[in-house]
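The values are calculated or read from the model by the stated rules, or taken from the named source; none is laboratory data. Here the structure is a predicted model, which is why all the values come from computation and not from measurement. Note that we place each Cβ from the backbone using ideal geometry, even for glycine, and neighbour counts take in every protein chain shown.
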Amino acid sequence: MSDLLDERPEADLVQAAAAGDQQAFRELVGRHRNKLWAVCLRIAGNRHDAEDALQEALVAAWRGLRTFRGDAQFSTWMYRIASNAAIAQSKKRPLVVDPDDRDLPAPGDFATDVVVSDRIEQALATLPEAFRVTFVLRVYGDLSYQEIADHLSIPVQTVRSRLNRAKKALAAELGEP
C-alpha cells in the first residue's frame, strides 16, 4: 500500500489528507520535511524554537487542510505556515544562534563545511527579521519572488530590495566582496 501511496500525485494526496487520511498527510509532509525544517531553523535561529515552530506548523496545516484551495502549490502553502510559525516562535524569545543547531553538511570536507555553516548561521542572526525571513524563504524555502511577496503581503520590488540588502549584509558580515 505504501508503494502506491508514494507514487500518488500531490493533488491526490492533498485531497485524501483533506478528507482525513493521515497517511496521505504524512506523505505530503515527508516530501517537504527537509525544506520545512530548514525554513523553521533559519527563521527561528535555534533547534528548540524550530522544533516548536515546525510542530505548530504541522498541527495548523492538518487542521487547516480543508481550507487549502489549491491556488498555490501545497509546498508553498506549507512553507508559509511554517515561516509564520517560526516568526511567531522567534518573537517569543530574542534570537540566539546555538552553534550546535547546524544542518549536517553534504559529504566533502566536513571541517570546512561545519565552519562555513556556523559562519552563515551567525551572519543570518545579525540580519533584521524582515531581511532574514525574506532571505530564508528564497534560499532555503525555494519560493519565487511572487510567492514571497504574497506570503509577506509586500510588493515584489520590496522582496527584491530585501534580498539585495540581505545579501549585501551577509557578504559584509562574512567578509566577502
Original post:
Could you say whether any residue in the range 36-50 is assigned to a loop (DSSP other than H, G, I, E, B) and surrounded by 12 or more Cβ atoms within 10 Å (Cβ to Cβ)?
Top reply: yes
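Conditions (1) within 25 Å of ARG132 (Cα to Cα); (2) assigned to a helix (DSSP H, G or I), marked per residue:
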position	(1), (2)
ARG33	yes, yes
ARG63	no, yes
ASP71	no, no
ASN84	yes, yes
Per the filter on the range 120-129, residues assigned to a helix (DSSP H, G or I) and either within 15 Å of ALA86 (Cα to Cα) or not small (Gly, Ala, Ser) (or both) are ILE120, GLU121, GLN122, LEU124, ALA125, THR126, GLU129
Checked pairs for the range 67-78, first within 10 Å of LEU28 (Cβ to Cβ), second aliphatic (A, V, I, L, M), C-beta under 7 Å and 6 or more apart or across chains, list as PHE74/VAL14; PHE74/LEU28; MET78/LEU36; MET78/ALA61
Cβ pairs under 8 Å, 6+ apart or interchain, first in the range 25-50 and among the β-branched types (Val, Ile, Thr), second buried (at least 23 other Cβ atoms within 10 Å of the Cβ) and not in a helix (DSSP H, G or I), ordered by first then second residue, are VAL39/GLY141
Log entry, pairs with first residue in the range 130-155 being over 16 Å from ALA86 (Cα atoms), second being among the β-branched types (Val, Ile, Thr) and crowded, with 24+ Cβ neighbours inside 10 Å, beta carbons closer than 9 Å, six or more apart or on different chains, reads ILE154/THR134; ILE154/ILE148
When restricted to ALA60, ALA11, the only residue of a type in the set (Gly, Ala, Ser), touching a helix residue (DSSP H, G or I) at 6+ places or on another chain (Cβ under 9 Å), in contact (Cβ under 8 Å) with a residue 40 or more places away in the chain and surrounded by fewer than 16 Cβ atoms within 10 Å (Cβ to Cβ) is ALA11
For this session: Would you check if THR67 is at pLDDT below 75, among the hydroxyl-bearing types (Ser, Thr, Tyr) and over 18 Å from the mean Cα position of the chain (by Cα)?
Result: no
Residues of the range 119-143 being of a type in the set (D, E, K, R), buried (at least 17 other Cβ atoms within 10 Å of the Cβ) and farther than 14 Å from SER161 by Cβ, in sequence order, are GLU121, ARG132
